[in-house]
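See structure below.
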Amino acid sequence: MKFKSLNRYLIVAAIILTTVSSCKKDPSNPGKEYAPNMYLPVGYEPYKQEKANPINPMGLTMRLPVAGTVARRNYKTSFGESDSAQVDLMVYNIPADSISVSERVLKNPLPVNEQVTAEGKVLYDRYCEHCHGATGAGDGKVGAMYKGVPNYASDAYKNLNEGHIFHVITYGKARMWPHGSQINPEERWKIVRYVQKLQKGA
Amino acid sequence: MNISFRTDAKFCSYLSCSKIFIAILVAVLLSLPNLVSAQDSTAAAGGAAAAPAGGGDAAKGEALFKNNCAQCHSPTDERVVGPGLKGASSRHDFAWLTKWVRNSQAVIASGDPYAVKIYNEYSKAQMTSFPNLSDDDIKGIFAYIDKASTAAPAAAAPAGGGGAAASGDSKGEGPSDLFMIVLVALVVVMLLVLGVLVVIVTLLSKAVSGETTDAAKPDFMTSLGNSLKRISADPAIRSATMWIFVLLVLKATLDGAYSVGVQQGYAPKQPISFSHKLHAGEYKIDCNYCHTGVNRGKSAHIPSANICMNCHGVIKKESPEIQKIYTSIENNQPIEWVRVHNLPDLAYFNHAQHVNVGGLECQNCHGEVEKMEVIQQRSSLTMGWCIDCHRKTEVNTKDNKYYDKLVQLHAGESKEALKVADIGGLECSKCHY
């Protein structure tokens, strides 16, 4: 008798478990979490927010810095490494509409060597190549769609100086939009080196 | 158009009498002299005489055009960034064109009405100046434009015809697949109908022929029923079946329990249906272009709207999905992307360490993002998954003095290469603190 009733209980349990575990997974449902208080951050984290923040506008936890302030880690004024390091403050002080000032004043503080050009190429491939093309001929895949991407080696562009190129990366020009928020000044100078190589039709 | 611009230009000062000027102009147009650089003649002659005497060298012009102009101008009347240049040489005299090409801003500043009009029409986009192009270069470029603009329709027609023929061919192939499927389906249906018919026919024939065969059938059925009853009555077999069933269910339950907190396959609907397949796959935009934090810090960064605007400030503005970005910018309202890869707060993870130092590709953990229409979590992101990779992955110690002594020490103890696990990749406090 006992054995029989055990069997019956087992079957009932099995049926219940089958129905519970056989729920089909919905792709837009992240699923269950065990002890969610260990999963969710206690402190404020970027890109992770469970509840609307009662103090900030639009319930955001992230806020813009106060206007006019500069995060110190983004305000690098010394370029290059050890002995050849140079201090340059001008890169932050030329307004967007003064490209001619950039052309006259800005000088690339990075040393002239293969390493800088090679690092510039890596950055160029990341941030520029899809429009400007691998050889700077304006034939990138996005460039073909976007239109109006110039050829670096063409007469009107091959003699533009480093200050000009730096300014265009920072603030954009004509159809190109500013890329200063994505690429920091040191990286921009590295890209400038590589672009200058492409201007010579490398 | 022609005449009004001619009179606008400086020719007035040379020729005070406008009647004489117009007469000469007509003569000029009719006789096609060198001054107009023969573009009209090429237009009239249908491109047969591409580079007559005094006109530019169209071959050289083509190279110059592709190098300097093609990025913004089309030789047809298609509008690219700047206006299409078809017939430009008949709209303006050569002197005007030269001035414009060498320094368009100066022409606009001089108050030339057409220049100002076109400048405003193209939302005040400045054309690059080409002061280095010689008269011959510019003549060549316009000779090429006239040749290309007259040749283009002729070239397009056979191409279009060919395209139609090709599409016709592909149409011929396309339905053939469908046709095959339909054919197979029909055959299957016919076989089924045939089977049903056979059954009906046999039943009917049995009914007609009498009940002679029925005597054997109950015999078989009852014997089958009896044997089944015997088997099910056997307690050993009965409980064995039950236990197997219970164990299987238990296994499924345990698997289900282990998937608690694992979000593999999570692919939520995003507020804007951004396609990685299009951007990263088709257009080959580097992951770093938008996810700028990936080699700088803990988070890879969700790009803010200004990065979208780097392209979509200009292209695809009419798409309803991109309109959502504009709305969000105008209202200063952040776009609420749904985070897909959620690591629990109890585990620390840093993108820069894995991408910069470890040299991992994004796809190692995130799967083939460049093929995903909707982003999906491909890896389980469990601790076992992390540890597994740390145990298997060799450290790139090449040309890195930091590792020299470690490699030496490790070589003394083990014959295997230095793995991440050997340099603390399994320490609890690396990720949990």
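Here are some notes:
- Looking across the stretch B:197-229 at every residue that is modelled with pLDDT under 85 and of a type in the set (D, E, K, R), the one that is farthest from A:S5 (Cα to Cα) is identified as B:K206.
- All positions within the stretch A:100-121 that are buried (at least 16 other Cβ atoms within 10 Å of the Cβ) and closer than 29 Å to B:I285 by Cβ: A:S102, A:L106, A:N108, A:L110, A:V116, A:T117, A:E119, A:G120, A:K121
- Beta carbons closer than 8 Å, at least 6 apart along the sequence or on distinct chains, pair a first residue in the stretch B:305-319 that is closer than 13 Å to B:I285 by Cβ with a second that is β-branched (V, I, T) for B:I307/B:T292; B:C308/B:I322; B:C308/B:I325; B:C311/A:V142; B:H312/B:I322; B:H312/B:I325.
Yes/no per residue for (1) surrounded by 14 or more Cβ atoms within 10 Å (Cβ to Cβ); (2) closer than 23 Å to B:H341 by Cβ:
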| position | (1), (2) |
| --- | --- |
| B:I237 | no, no |
| B:L248 | no, no |
| B:A267 | yes, yes |
| B:S273 | no, yes |
| B:D286 | yes, yes |
| B:N295 | yes, yes |
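- B:S104 vs. criteria polar (S, T, N, Q), touching a residue at least 24 places away in the same chain (Cβ under 8 Å), assigned by TED's automatic domain parsing to the domain that holds B:A143 and closer than 30 Å to A:K200 by Cβ: yes
- With a requirement of 3 or more residues that are within 20 Å of the chain's Cα centre (by Cα), farther than 26 Å from B:Q263 by Cβ and at pLDDT 90 or above, the helices (runs of 4 or more DSSP H) lying completely within the stretch B:299-412 that satisfy it span B:305-312, B:320-330.
- Only one of the listed residues (B:A143, B:A157, B:A125) is surrounded by 10 or more Cβ atoms within 10 Å (Cβ to Cβ), assigned to a helix (DSSP H, G or I) and at pLDDT below 80. That residue is B:A157.
- Taken over the stretch A:140-175, the criterion of being surrounded by 20 or more Cβ atoms within 10 Å (Cβ to Cβ), at the interface with chain B (Cβ under 10 Å from one of its Cβ atoms) and either in a helix (DSSP H, G or I) or under 23 Å from the mean Cα position of the chain (by Cα) (or both) is satisfied by A:G140, A:V142, A:G143, A:Y146, A:V149.
- Checked against (1) within 20 Å of B:C365 (Cα to Cα); (2) more than 7 Å from every other protein chain (Cβ to nearest Cβ); (3) assigned to a loop (DSSP other than H, G, I, E, B), B:P268 passes all but condition (2).
- Qualifying positions in the stretch A:176-202 - buried (at least 19 other Cβ atoms within 10 Å of the Cβ) and of a type in the set (S, T, Y): A:Y194
- From the list B:A347, B:A257, the lone residue that is in contact (Cβ under 8 Å) with a residue 60 or more places away in the chain and within 10 Å of chain A (Cβ to nearest Cβ) is B:A347.
- Qualifying positions in the stretch B:306-333 - surrounded by fewer than 17 Cβ atoms within 10 Å (Cβ to Cβ), within 28 Å of A:P27 (Cα to Cα) and within 11 Å of chain A (Cβ to nearest Cβ): B:Q333
- Of the residues examined, A:V122 is one that is within 12 Å of another protein chain (Cβ to nearest Cβ) and not in a loop (DSSP other than H, G, I, E, B).
- Residue in the stretch A:133-148 that is within 23 Å of B:N103 (Cα to Cα) and of a type in the set (D, E) present: no
Here's the yes/no breakdown for (1) within 14 Å of another protein chain (Cβ to nearest Cβ); (2) assigned to a loop (DSSP other than H, G, I, E, B); (3) closer than 30 Å to B:H341 by Cβ; (4) not aromatic (F, W, Y):
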site	(1), (2), (3), (4)
A:P27	yes, yes, yes, yes
A:P95	no, yes, no, yes
A:S100	yes, no, no, yes
A:E103	no, no, no, yes
A:K107	no, yes, no, yes
A:V116	no, no, no, yes
A:R126	yes, no, yes, yes
A:C131	yes, no, yes, yes
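- Residue satisfying all of: in the stretch B:275-298; part of a helix (DSSP H, G or I) and small (G, A, S); farthest from B:K371 (Cα to Cα) among these: B:A280
The values are calculated or read from the model by the stated rules, or taken from the named source; none is laboratory data. Every value quoted in this text rests on a predicted model; they were computed, and no experiment measured them. Reconstructed Cβ throughout: ideal geometry from the backbone, glycine too, with neighbour counts over all protein chains shown.
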